[in-house]
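Here the structure comes first, spelled out in structure tokens, and everything after it is commentary.
The values are calculated or read from the model by the stated rules, or taken from the named source; none is laboratory data. As the structure is a computational prediction, the values presented were derived from the model and not from experiment. Glycine also receives a Cβ, built like all others from the backbone with ideal geometry; neighbour counts cover every protein chain displayed. Side chains included, ligands, DNA and RNA excluded: accessible areas come from the protein's heavy atoms. Shrake-Rupley method; radii C 1.70, N 1.55, O 1.52, S 1.80 Å.
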Amino acid sequence: MRYPGAGESSGMTARWMQLGRPVVVSDTEESAALPGAGCPRVGVGLSEEEELLAVMVWLAESGVRRRECGRAAREWAAREMDLGAIGARYWGVCGL
């Protein structure tokens, strides 16, 4: 989590998702592209600390939740962070 966001292109975010770990992110425009099921959101603002605590407790309470969030993160990362997929998007933007 960080504010302002950096397009959620963090190397650590990518690594955790590829390992199948849920990643808690700030609820910003930048994080909108990340999978909601694998990346629980926490609002930015006055209630941020309370929301973060609630999400952490929610994850800690259930191994099933952690596994399902991790599975969604891993599947998204395999599809969207694959070098081939990234290259195809790059070439599409360049019009090549």
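Numbers below:
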| item | result |
| --- | --- |
| Selection count, region 23-67, where residues are assigned to a helix (DSSP H, G or I) and of a type outside the set (G, A, S) | 16 |
| Test: residue in region 78-96 that is at pLDDT 90 or above and open to solvent by less than 50 Å² (accessible area, probe 1.4 Å) | no |
| Test: residue in region 4-22 that is over 21 Å from R71 (Cα atoms), at pLDDT below 85, assigned to a loop (DSSP other than H, G, I, E, B) and open to solvent by less than 40 Å² (accessible area, probe 1.4 Å) | yes |
| Long-range neighbours under 6 Å by Cβ, at least six apart or interchain, first residue under 19 Å from G11 (Cα atoms) within region 70-96, second open to solvent by 90 Å² or more (accessible area, probe 1.4 Å) | G70/R21; A77/Q18 |
